[in-house]
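Bear in mind these aren't lab numbers, they're just calculated from the coordinates by the rules spelled out. Predicted model, so just to flag it, every value in this text is computed and none were measured. Here the Cβ positions follow ideal geometry from the backbone for every residue, glycine too, while neighbour counts run over all protein chains shown.
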Amino acid sequence: MNYEKRSPVAVLLLSIVTCGIYQLYLIYKVSQEIRDFRGDNSISPGTELLLSIITCGLYEIYWFYKYGRLVFDMQQRVGVPGASDMSLVLLLLPVFGFGVVSMLLLQTELNRIWDTITPGGTDGVS
């Protein structure tokens, strides 16, 4: 399984420099990584991305909530210390225009999972 640790700073900078296009890429990649980790074939990264685009970002607000819940479940499953359900925070931040902060928080929590399941693994920045 290929799970990629991404630097939150790189996520922020690339999201700003690409005017949000990188964030759309991350919606696809994060959905794909979570689907693969969970073995949940009902998760369709392409559909998640398409819904985010055609709703002009409204679906993305729900996406943050949905994937915040999934990440919390994953953290509990692998025993990440100090795991907390951040789904409500991830939902509210984009409502107030801070969607990129939600992506940073979600990626940080994913990085904690990847560190737990592959200690001493390689850092990938994308």
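I'm checking my understanding of the structure. Among residues of segment 48-66 that are assigned to a helix (DSSP H, G or I), out of contact with any Phe, Trp or Tyr (no Cβ under 9 Å at 6 or more places or on another chain) and of a type outside the set (A, V, I, L, M), which one is surrounded by the fewest Cβ atoms within 10 Å (Cβ to Cβ)?
Only one residue fits best here, namely TYR62.
I want to confirm something. Restricting to segment 14-47 and keeping residues that are free of Cβ contacts under 8 Å to residues at least 12 places away in the same chain and in contact with a Phe, Trp or Tyr (Cβ under 9 Å, 6 or more places away or on another chain), which single residue is farthest from GLN76 (Cα to Cα)?
THR18
Can you tell me how many residues in segment 33-47 are surrounded by fewer than 18 Cβ atoms within 10 Å (Cβ to Cβ) and under 16 Å from MET103 (Cβ atoms)?
1
Which condition number does ASN111 fail, the rest of (1) assigned to a helix (DSSP H, G or I); (2) polar (S, T, N, Q); (3) farther than 17 Å from TYR3 by Cα being met?
For ASN111, the failing item is (3).
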